[in-house]
Amino acid sequence: MINRYGGDVLNKPLKLSILLVTVFLVTLILDACSWVKLTPEGEKVRVLSASEVSSCKKLGKTTTTLKDKVAGMSRKQSKVEKEMQFLARNSAADMGGDTVVPVTEIEAGRQTFEVYKCIYPR
């Protein structure tokens, strides 16, 4: 049906539906992607709890940041947590560490980890 101005009245809801489905699908595809990769050195770094590092040498802290929202929608919490750990592990390897311990919760795409040397600490 065409309105008196020549516009297609019936297609407005259809166009909106197509737009919403497209945004949803793009968000799903982007959320499925892992943007953070472990370096070969980062693969050797473990994530432990504070109670498991009592005999380790503390080297310092690292704070990781990443986008926790894509197209205004929150990313899956487990994926954000995994990528935060990947970033921390990569950073710990650069610092000479072999273990990280999360010391804060993820908040607004940011998390802090302590870095330790547990294997042959000096």
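The values are calculated or read from the model by the stated rules, or taken from the named source; none is laboratory data. As the structure is a prediction and not an experimental result, all values here were calculated from the model. Cβ atoms come from the backbone with ideal geometry, glycine included; neighbour counts cover every protein chain shown.
In a residue-by-residue description of segment 65-74, the property of being touching an Asp or Glu at 6+ places or on another chain (Cβ under 8 Å) and buried (at least 19 other Cβ atoms within 10 Å of the Cβ) applies to no position.
Listed here are the residues, each with its yes/no results for (1) aliphatic (A, V, I, L, M); (2) modelled with pLDDT under 95; (3) assigned to a helix (DSSP H, G or I); (4) out of contact with any Phe, Trp or Tyr (no Cβ under 6 Å at 6 or more places or on another chain).
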site: LYS58; (1), (2), (3), (4): no, no, no, no
site: THR62; (1), (2), (3), (4): no, no, no, no
site: LYS67; (1), (2), (3), (4): no, yes, no, yes
site: SER78; (1), (2), (3), (4): no, yes, yes, yes
site: PHE86; (1), (2), (3), (4): no, no, yes, yes
site: ARG89; (1), (2), (3), (4): no, no, yes, yes
site: GLY96; (1), (2), (3), (4): no, no, no, yes
site: VAL100; (1), (2), (3), (4): yes, no, no, no
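One residue stands out in segment 102-120 among those that are among the charged types (D, E, K, R) and either in a helix (DSSP H, G or I) or surrounded by fewer than 16 Cβ atoms within 10 Å (Cβ to Cβ) (or both): the one that is nearest to the chain's Cα centre (by Cα), namely ARG110. Reported count of residues in segment 76-122, each being polar (S, T, N, Q) and touching a strand residue (DSSP E or B) at 6+ places or on another chain (Cβ under 7 Å), is 6. Quickly run through segment 75-101 and pick out the residues that are small (Gly, Ala, Ser) and surrounded by fewer than 21 Cβ atoms within 10 Å (Cβ to Cβ). Selection gives SER78, ALA93, GLY96.
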